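Here's the structure, in structure tokens; my notes come after.
The values are calculated or read from the model by the stated rules, or taken from the named source; none is laboratory data. These figures come from a predicted structure and were not determined experimentally. Ideal geometry is used to build each Cβ from the backbone, glycine not excepted, and the neighbour counts take in all protein chains shown.
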Amino acid sequence: MPNSERGPEGAPILRPRACPPARGRPRKRIDLGRVADAGLQILAESGYEAVSVEAVAERLSLSRATLYRRISTRDELLTLMFDRGTQQLEVGAAALLAEGREPSEELPTLVRLHVGSAVDRRRGMAVFFGGAELPPVVLSRWHAFNRRYEKLWRGAVRRAMDAGVLPPGDPVLTTRLLLGMVIWVARWDRQGAAYTTEEIVVATLDLVGQRAPLR
């Protein structure tokens with residue numbers, strides 16, 4: 001019962017008792033960015049089937065119960081990973097294109113950005129761009145991301161064609177060939193020992209008629 005005091009007119013003044021302090025240890029704050037990055041690392045190292053809430057908890061030295069408070073299912077984890085990985089790539093590409101570089105520099109730099117991400121993510125890029133293994137909850141995000149990302153690339157490819165940097169052709173087909181080549185090279189080269197990022201960039205651009213100088 002609350003404490004009871006009397007006011008000037010004799011009316012009771014109710015004052016609640018102080019609540020006792022919460023028992024147990026305070027809940028640990030979960031950095032969802034670190035959770036997504038850990039999941040992406042597991043995906044790159046061990047493949048799609050190895051990704052789980054339990055594996056991420058172990059990677060981050062968290063108890064499963066602690067992580068389950070924020071990420072309770074594998075689909076939630078994959079959604080978080082997808083949003084993290086694709087947002088970084090899309091924001092990076094948009095920022096690069098906003099710089100207004102000459103087409104002869106813009107396209108190689110865009111290819112280099114994509115190659116770097118593909119090599120870093122490896123199996124993750126193939127899954128996220130392939131879409132086949134993604135759960136339904138992520139699939140709608142995948143379709144939306146692919147439309148936006150391909151549109152950015154089509155603009156750069158079209159500008160390169162208009163400037164004579166690339167041979168005339170279908171910008172949509174050329175864009176998809178460029179993206180597909182990079183993703184699959186990264187997937188095959190899983191250990192990262194066979195080819196450097198720059199070697200992949202040069203080989204990719206050579207196939208479409210633009211030479212990119214090695215850095």
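Out of all the residues in the range 64-83, which are among the polar types (S, T, N, Q) and within 8 Å of VAL53 (Cα to Cα)? Talk me through it step by step, then tell me what you get.
Our first condition is that a residue be among the polar types (S, T, N, Q); within the range 64-83, this holds for 66, 72-73, 79.
Listed by number, the residues that qualify are SER72, THR73.
Anything in the range 131-169 that is free of Cβ contacts under 8 Å to residues at least 40 places away in the same chain and either in contact with a Cys (Cβ under 8 Å, 6 or more places away or on another chain) or of a type in the set (Lys, Arg) (or both)? List them, or say none. Walk me through it before giving the result.
Our first condition is that a residue be free of Cβ contacts under 8 Å to residues at least 40 places away in the same chain; within the range 131-169, this holds for 131-132, 136, 139-140, 143-144, 146-147, 150-151, 154, 158, 161, 164, 168-169.
Hits for the range 131-169 are ARG147, LYS151, ARG154, ARG158.
Anything in the range 71-86 that is within 12 Å of the chain's Cα centre (by Cα) and either assigned to a loop (DSSP other than H, G, I, E, B) or polar (S, T, N, Q) (or both)? List them, or say none.
Selection gives THR79, THR86.
For the range 87-177, please list each of the helices (runs of 4 or more DSSP H) lying entirely inside it that holds at least 3 residues being more than 16 Å from the chain's Cα centre (by Cα) and either modelled with pLDDT of 90 or more or closer than 24 Å to THR196 by Cα (or both).
In the range 87-177, the matching helices (runs of 4 or more DSSP H) lie at 103-121, 136-162.
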